[in-house]
Amino acid sequence: DVIDEGSAHRPATFYGHTKSWSMGLLGFLREREGLRASTAILFNHESIRRDASFVSRKITQAVARTKRGEACTVELQNIGARADWSSAHDVVDALQRMGQAATPRDYVIGSGRLKSVRDMAMAAFGHAGLDWRPHTRFARDDEMPALVARPSAIAQGLGWAASRPFDGWVADMVDQEL
C-alpha cells in the first residue's frame, strides 16, 4: 500500500492508535485554535544511533565484527521482508523544513522505495568486500505486502526529497560501526 497524507488511518497497535489520535488532535487544534503545529508520518529512518535490536544495526554490527576477523553470523527472520527505509539524516532535514515552513500541515516522510532485508545485507556486506551469504542465517525468504511512502506533499510544498541513496547510507552505517 502507498501511504500519503490522505490515506485512511488503520492502526493495528495501541502505539499506532495513540499516534493517530495525536495527529487528529493536533489537526483539530491547528484548525480550531490556530496552533502552529505540523505532524508527520515517518517511515523507517536509519542511523548508527538505532538500537542494536533493529535489523539495520544487527546487520551493520555483524559486518563490522566479520571484517575485524571475529566469527559472526547474523540471525535474521525474513530476508524477503521489505520496508521503506531512508537515512535519519534525510528525515531530520524534512523535519527542519517542516518547522521552518510558513504554513503548518501534515506530511508523510519516507524514501518512496521498498528495499528488502536481503538488499540491506547485500549492501552492507558488499561495502566491506564480503559476501553476505556465509554470514547470515534466516528463517524465511518471503516477500510480504509492505507500506511505502508517497512523500509528494513535502516534495512539492517544501522541496524535500530523500537525497541519500540506500547503498550510501548503509555504507555510512558500516563505516561508523568499523
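Points worth noting:
- Which listed residue is surrounded by 11 or more Cβ atoms within 10 Å (Cβ to Cβ), farther than 21 Å from Arg113 by Cβ and at pLDDT 95 or above, from Leu42, Leu25: Leu25
- Leu114 being in contact with an Asp or Glu (Cβ under 7 Å, 6 or more places away or on another chain), without any contact (Cβ under 8 Å) to a residue 40 or more places away in the chain and open to solvent by 40 Å² or more (accessible area, probe 1.4 Å): yes
- Residue check for Leu147: aliphatic (A, V, I, L, M), in contact (Cβ under 8 Å) with a residue 12 or more places away in the chain and open to solvent by less than 80 Å² (accessible area, probe 1.4 Å): no
- Taking the listed residues Ala139, Ala94, Ala162, the one that is in contact (Cβ under 8 Å) with a residue 60 or more places away in the chain, in contact with a strand residue (DSSP E or B) (Cβ under 7 Å, 6 or more places away or on another chain) and open to solvent by 40 Å² or more (accessible area, probe 1.4 Å) is Ala139, with no other qualifying.
- Strands (runs of 3 or more DSSP E) fully within the range 1-119 counting 2 or more residues that are farther than 21 Å from Ala139 by Cβ: 39-42, 106-109
- Selection from the range 53-91 of residues that are open to solvent by 80 Å² or more (accessible area, probe 1.4 Å) and farther than 22 Å from Gln176 by Cα: Gln77
- Residue within the range 9-16 that is open to solvent by 50 Å² or more (accessible area, probe 1.4 Å) and of a type in the set (S, T, N, Q) present: yes
The values are calculated or read from the model by the stated rules, or taken from the named source; none is laboratory data. Because the structure is a prediction, the values reported are computed rather than measured. When we count neighbours, we look across all protein chains shown, and the Cβ atoms used for this are built from the backbone with ideal geometry, even at glycine. Just so you know, the surface numbers come from the protein's heavy atoms only, side chains and all, with ligands and any DNA or RNA stripped out. Shrake-Rupley method; radii C 1.70, N 1.55, O 1.52, S 1.80 Å.
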